[in-house]
Amino acid sequence: MKKRQVVLKRNDSSSNSVNSSLSVRTVRYAECQKNHAASVGGYAVDGCREFMPCGEEGTDDALTCAACGCHRNFHRREVQNEIVCDCSSTNKS
């Protein structure tokens, strides 16, 4: 499952210039890390390689993995930040 979050940052260092950069943050949930043998003192994972939501975005089922049945929090979170545009402009008064 991939989510995209667009972040617009504006840095006003002076009143005449505006520096802004547009970055895209992609969040991906990878393999499940839930220890199914923790109650007996062991370590065993189920082998689920990627989070796939059971339901649509915004529902409670969207937080449950269709492959392994675990909550999304048990899956390793990968965040990738990408700067799409670094724009600078000068206002002439």
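The values are calculated or read from the model by the stated rules, or taken from the named source; none is laboratory data. A quick note: this is a predicted structure, and the numbers were derived from the prediction, not measured. Quick reminder, even Gly has a Cβ in these numbers, built from the backbone with ideal geometry, and neighbours come from all protein chains shown. Protein only, heavy atoms only, side chains kept; ligands, DNA and RNA dropped before computing areas. Shrake-Rupley method; radii C 1.70, N 1.55, O 1.52, S 1.80 Å.
In region 35-49, which residue that is small (Gly, Ala, Ser) and assigned to a loop (DSSP other than H, G, I, E, B) is farthest from the chain's Cα centre (by Cα)?
Checking each candidate, the answer is GLY41.
Taking the stated definitions as given, is VAL40 open to solvent by less than 90 Å² (accessible area, probe 1.4 Å) and among the β-branched types (Val, Ile, Thr)?
no
Identify all residues within region 50-70 that are open to solvent by 70 Å² or more (accessible area, probe 1.4 Å) and not in a helix (DSSP H, G or I); write none if there are none.
Result: GLU50, MET52, CYS54, GLU56, GLU57, GLY58.
This table checks each residue for (1) touching a helix residue (DSSP H, G or I) at 6+ places or on another chain (Cβ under 8 Å); (2) charged (D, E, K, R); (3) modelled with pLDDT of 95 or more.
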| residue | (1), (2), (3) |
| --- | --- |
| GLY42 | no, no, yes |
| THR59 | no, no, no |
| LEU63 | yes, no, yes |
| HIS71 | yes, no, yes |
| PHE74 | no, no, yes |
| GLN80 | no, no, no |
